[in-house]
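Reading through the structure tokens given below for one structure.
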Amino acid sequence: MFRHTPLRYAALIILFSGALFTAFTAGYFGMEILTEILILAILVLALDLVAGFGGMVSLAHGALMGLGAYAFVALATKAGLDPWVAASAAVAITAGTGWVIGAICARSHGIYFIMATLAFGQMGYSYFFEQSFFGGDDGMVGPRRFDLGFIGINLNDSRSFALFCLAILGVIYLVAMAILRSGLGRSLTGVTHNEKRMRALGLNVWRVKADVFGLSGAMAGIAGVLAAQHIMFISPKMLHWTVSGEALVVVILGGLGTLVGPLVGAVAFVVMKHELSHVTTYWHLIVGLVLIAVVMSRANGIFGFIEARFRPKTDRMIQSIQTRDDAKEIAKDA
Amino acid sequence: MLETRNLDKSFGAIHVTRNVSLKLERGERRVILGPNGAGKTTLFNQLVGEIVPDKGQILLAGEDVTALPVAKRARRGLSRSYQKNTLFDGLTVEENLALAASVHAGVSMTLWRDALQSVQVRAIVEEVANQVNLMPYIHAKVSEISYGVRRQLEVGVALATKPLVLLMDEPTSGVGPEMAKGFHDLLAGLPRDLTILIIEHDMDLAFAVADTITVLNYGEVVFDGLPEDARGSKLLRDIYLGAWEDA
Ligand SMILES: Nc1ncnc2c1ncn2[C@@H]1O[C@H](COP(=O)(O)OP(=O)(O)O)[C@@H](O)[C@H]1O
Ligand SMILES: [Mg+2]
């Protein structure tokens, strides 16, 4: 069951203060990196919800984000809708698409689930790559940013936009927490632990998966809308499976199923990317090595490692008793 | 309350359920006896819908549920425990019970309310924890409680759906004789209108709780009647004691 430990609150406060501090001190380039981190953080939160808490490892999340971006840009520029209306519609579209993908894939598990989501993602990628209405492989120019003039904020200013993204990320984090503590979130935990038993208890397992995937799709869509406004240009590359793969790397790097971990992962990943790409064109190689080191350490990502470090000794003692008990039960069952 | 009509199932060449017809009245407590491999668990799997029978019907409260999926049957009041613990490891006893109760309480899909805090869920959790003597372990994780207590929780989770019919697959398997005895005392405390079907391998314990007894052998019902008649049955003795000696 999802619980927010004091350590998690502490990590959140540190991350939040760090983001605020950066927003008020960084130059243009730093502000761009911060915004990139914040948008990636929204995407990986969405992914952690399904992959970390629901055991549904998705390679469609990049495509869901891209779909959100395309829907937003097309509705705002081609249909001429107000950016707020276009954004809401785009998020509704990604939520619905996510729900359908979740519902269809609900019966498959493990590698089959991953492959099914990959197929959906690549279908989206090919569509936008080929479709000249959406600019084909040239992509599209994004619309204006949201107009917050009525409260005196100009989002064309990069600091204001970074702070706006931070606020959205904060809201999404709270929503994700609320979902995990809701009836739906508890059921998701049950399904992840023991799907067969949840079904025997009368739960519509596929509905739980579809609903959570839909909510996660909505979050990915929000990341897409923000990304389109940030770089003011979108291309089919956003939907490519490697974007989903990268998001998955970030979630695992930070700590699967911890909600805070993926935020840490997003910071680590983007900072590594920018720092290392100055030094070498092989920065992916180094990120890969770091990921291997994290996985080999058998900790649950960077944040999992920190949690294990700070866990009091007593906890570890209880665990050793548990493993002995389990061994006994296995012996008994055999 | 629960009825099967000419149920039949084969796994390839193995005929595991042969023309099984059973009828349980409301509030009846029936024990299924039979040697290992007789097809008892497979019968349960068909009753709850985890395995589809080749032939025959299953009726729950007078309605044909043969074609209904597992979850729908469960929501109509059919609940089971497993021979091999099927718990939510890593969660606490309370959380295990609450997950089961939240489906019955209709809060398993809600978005803004915490199911674990729901008044109805909390009430069911407390009631069931008392029924199966789990109160002392309520905040312990599954991995922290002994095997015997896990067996109690296995039944508790099934009970927390507030079923009309409760199926228990060897609830006392692997626990000591004293704990098994305690378990049967606890059965006596369950509501009288709850229909119960138990697979039990210990004959003495079975006779102590049963209103009626069904004996399965090679997938076939070879005895169906009152415990006192079963006790004298030579057929039962032969099958059962034979298998007993093998074990
Ligand atoms: N899914 C299955 N596939 C093939 N054979 C099975 C399957 N499930 C059970 N069996 C076989 O059916 C027979 C009855 O098994 P089971 O119902 O578990 O017996 P019991 O519970 O009475 O000990 C056994 O021979 C078992 O090997
Ligand atoms: Mg069995």
Residue within segment B:119-141 that is within 8 Å of chain A (Cβ to nearest Cβ), in contact with a Leu (Cβ under 7 Å, 6 or more places away or on another chain) and buried (at least 21 other Cβ atoms within 10 Å of the Cβ) present: no
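Yes/no per residue for (1) within 18 Å of the chain's Cα centre (by Cα); (2) surrounded by 19 or more Cβ atoms within 10 Å (Cβ to Cβ):
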residue: A:Asp137; (1), (2): no, no
residue: A:Met140; (1), (2): no, yes
residue: A:Asn154; (1), (2): no, no
residue: A:Asp157; (1), (2): no, no
residue: A:Leu166; (1), (2): yes, yes
residue: A:Ile179; (1), (2): yes, yes
Unique match (being in contact (Cβ under 8 Å) with a residue 24 or more places away in the chain and at positive phi) among A:Gly139, A:Gly185, A:Gly152, A:Gly124: A:Gly139
Of the criteria (1) more than 9 Å from B:Ala160 (Cβ to Cβ); (2) within 7 Å of another protein chain (Cβ to nearest Cβ), which one B:Leu99 fails: (1)
Where B:Tyr82 falls short, out of the listed (1) within 14 Å of another protein chain (Cβ to nearest Cβ); (2) within 16 Å of ligand 2 (Cβ to nearest atom); (3) farther than 21 Å from B:Leu194 by Cβ: (3)
Search result, residues across segment B:178-198 that are closer than 19 Å to B:Leu164 by Cβ and open to solvent by less than 20 Å² (accessible area, probe 1.4 Å): B:Leu187, B:Leu190, B:Leu194, B:Thr195, B:Ile196, B:Leu197, B:Ile198
Residue check for B:Leu78: surrounded by 21 or more Cβ atoms within 10 Å (Cβ to Cβ) and farther than 25 Å from B:Gly39 by Cα: no
Sole residue being part of a strand (DSSP E or B) and either away from ligand 2 (no atom under 16 Å from the Cβ) or outside the structural domain of B:Asn19 (by TED's automatic domain parsing) (or both), chosen from B:Leu166, B:Leu197, B:Leu190: B:Leu166
Condition met for A:Leu81 (outside any helix (DSSP H, G or I), open to solvent by 10 Å² or more (accessible area, probe 1.4 Å), in contact with a helix residue (DSSP H, G or I) (Cβ under 9 Å, 6 or more places away or on another chain) and not polar (S, T, N, Q)): yes
Residues that are within 29 Å of B:Ala188 (Cβ to Cβ), near ligand 1 (Cβ under 9 Å from one of its atoms) and touching a residue at least 12 places away in the same chain (Cβ under 8 Å), drawn from segment B:1-56: B:Ile32, B:Gly34, B:Pro35, B:Asn36, B:Ala38, B:Gly39, B:Lys40, B:Thr41, B:Thr42, B:Leu43, B:Phe44
Out of A:Gly190, A:Gly217, A:Gly202, A:Gly265, sole residue that is away from chain B (no Cβ under 14 Å), farther than 30 Å from A:Gly136 by Cβ, open to solvent by less than 20 Å² (accessible area, probe 1.4 Å) and out of contact with any Cys (no Cβ under 9 Å at 6 or more places or on another chain): A:Gly265
Which listed residue, of A:Ala74, A:Ala69, A:Ala87, is modelled with pLDDT under 95, open to solvent by less than 30 Å² (accessible area, probe 1.4 Å) and either of a type in the set (S, T, N, Q) or in a helix (DSSP H, G or I) (or both): A:Ala74
Filter result for B:Lys72 (away from ligand 1 (no atom under 16 Å from the Cβ) and closer than 20 Å to B:Glu220 by Cβ): no
Matching residues in segment B:75-98 - criterion: being within 16 Å of ligand 1 (Cβ to nearest atom) and over 14 Å from B:Leu47 (Cα atoms): B:Gln83, B:Lys84, B:Asn85, B:Thr86
From the options B:Leu91, B:Leu68, residue that is surrounded by fewer than 22 Cβ atoms within 10 Å (Cβ to Cβ) and facing another protein chain (nearest Cβ under 8 Å): B:Leu91
Residue within segment B:14-24 that is assigned to a strand (DSSP E or B), within 16 Å of ligand 2 (Cβ to nearest atom), surrounded by fewer than 20 Cβ atoms within 10 Å (Cβ to Cβ) and at pLDDT below 95 present: yes
Selection from segment B:147-163 of residues that are within 12 Å of another protein chain (Cβ to nearest Cβ) and either within 16 Å of ligand 2 (Cβ to nearest atom) or closer than 15 Å to B:Glu28 by Cα (or both): B:Arg151, B:Glu154, B:Ala158, B:Pro163
Given (1) in contact with a His (Cβ under 9 Å, 6 or more places away or on another chain); (2) closer than 28 Å to A:Gly183 by Cβ, number of the condition A:Arg107 does not satisfy: (1)
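Those residues that are assigned to a helix (DSSP H, G or I) and under 21 Å from the mean Cα position of the chain (by Cα), I need them from segment A:284-300; list them, please.
The answer is A:His284, A:Val287, A:Gly288, A:Val290, A:Leu291, A:Ile292, A:Val294, A:Val295.
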Filtered residue count, segment B:25-58, keeping only those that are open to solvent by 40 Å² or more (accessible area, probe 1.4 Å) and away from ligand 2 (no atom under 14 Å from the Cβ): 6
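The values are calculated or read from the model by the stated rules, or taken from the named source; none is laboratory data. Model, not experiment: these values are computed from the prediction. No Cβ is skipped: glycine too gets one built from the backbone with ideal geometry, and neighbour counts run over all protein chains shown. All accessible areas refer to the heavy atoms of the entire protein, side chains included, with ligands and DNA or RNA removed. Shrake-Rupley method; radii C 1.70, N 1.55, O 1.52, S 1.80 Å.
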